[in-house]
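The next block holds one structure in the form of structure tokens; read it before the comments.
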Amino acid sequence: MSDMGSDTVQSGMQPQSGNFGIGIKPKRPTGVAILAILQILGGIAYLAIGITSSALLRGLMGGILIVIFIPIGLFALITGIALFTGKNWARILALIGGILDLINIPVGTIIGILMLWYFTRPKVKAYFGK
């Protein structure tokens, strides 16, 4: 039993549940953690902008900003948490986001290429169970 624990540490795997290697998940890649945290912070920023702008701007403009920023903020927050916890659907959303970034020339194109490259790496895919 103690040999299994040392193998787990050496291979970079984290036990999820059970014994004898059942439910072992690869360690979270640093890049995934960084991108997830940035996504979460972006979601919080969108929520804050939506809430404060609606408080500052009454009427139609405030309502429009709520309708735009609050859903985007919630989506970003949920996606960031899902990336951090290794949900494959969040990886797919990150890939879709990378594809959409390609049209934002030049910076978005670079970010999009990096996102597509990173989220298709074998180690990253393994973390998400693919």
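Stretching the chain fully between Ile105 and Thr52 yields a gain of 16.0 nm (0.36 nm per residue, less the alpha carbon separation). Taking amide H as placed 1.01 Å from N in the peptide plane, the amide H of Lys25 sits under 5 Å from that of Gln14, Gln16, each at least 5 places away or on another chain. Placing pseudo-labels 7 Å out from each Cα toward the beta carbon at Thr85 and Lys25 gives an inter-label distance of 0.9 nm.
Ordering Thr79, Thr109, Thr30 by the number of other Cβ atoms within 10 Å of each residue's own Cβ, fewest first, gives Thr30, Thr109, Thr79. Per-residue extension of 0.36 nm, minus the Cα-Cα distance of Val67 and Ala45, leaves a gain of 6.4 nm for this segment.
Laboratory data are not the source of any read-out in this text; all were calculated from the coordinates shown. As the structure is a computational prediction, the values presented were derived from the model and not from experiment. When we count neighbours, we look across all protein chains shown, and the Cβ atoms used for this are built from the backbone with ideal geometry, even at glycine.
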